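Report on one structure; see the data block that follows.
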Amino acid sequence: MPAHMHDLVIKNALICDGLGSAVAPGELAVKDGRISALGRRVGEGEEVVDAGGQVLAPGIIDTDRKSTRL
């Protein structure tokens, strides 16, 4: 595996950055457990996932949020 290859690449996603930009088609790459690239084309990955046009919102939605309701 080339040193520049990502561990994971998610392709064919609609990227929502949470900063008010329009949702746009793109890809996200992960290397060593962290987001390593985000954009139209991010390169190759050891594992590739096709998002099938679903929304990808990196860092916006906290799935580990603890409820404060009693």
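Scanning region 1-14 for residues that are modelled with pLDDT under 95 and among the hydrophobic types (A, V, I, L, M, F, W, C) returns Met1, Ala3, Met5. For region 43-59, a residue qualifies if it is open to solvent by 30 Å² or more (accessible area, probe 1.4 Å) and not in a loop (DSSP other than H, G, I, E, B), and the qualifying residues are Glu46, Glu47, Val48, Val49, Asp50, Val55, Leu56. Across region 4-30, the qualifying residues are those that are open to solvent by 50 Å² or more (accessible area, probe 1.4 Å) and assigned to a loop (DSSP other than H, G, I, E, B), and the one among them that is nearest to Arg41 (Cα to Cα) is His4.
The values are calculated or read from the model by the stated rules, or taken from the named source; none is laboratory data. Quantities reported herein were computed from a predicted structural model and do not represent experimental measurements. With ligands, DNA and RNA removed, areas are computed over all heavy atoms of the protein, side chains included. Shrake-Rupley method; radii C 1.70, N 1.55, O 1.52, S 1.80 Å.
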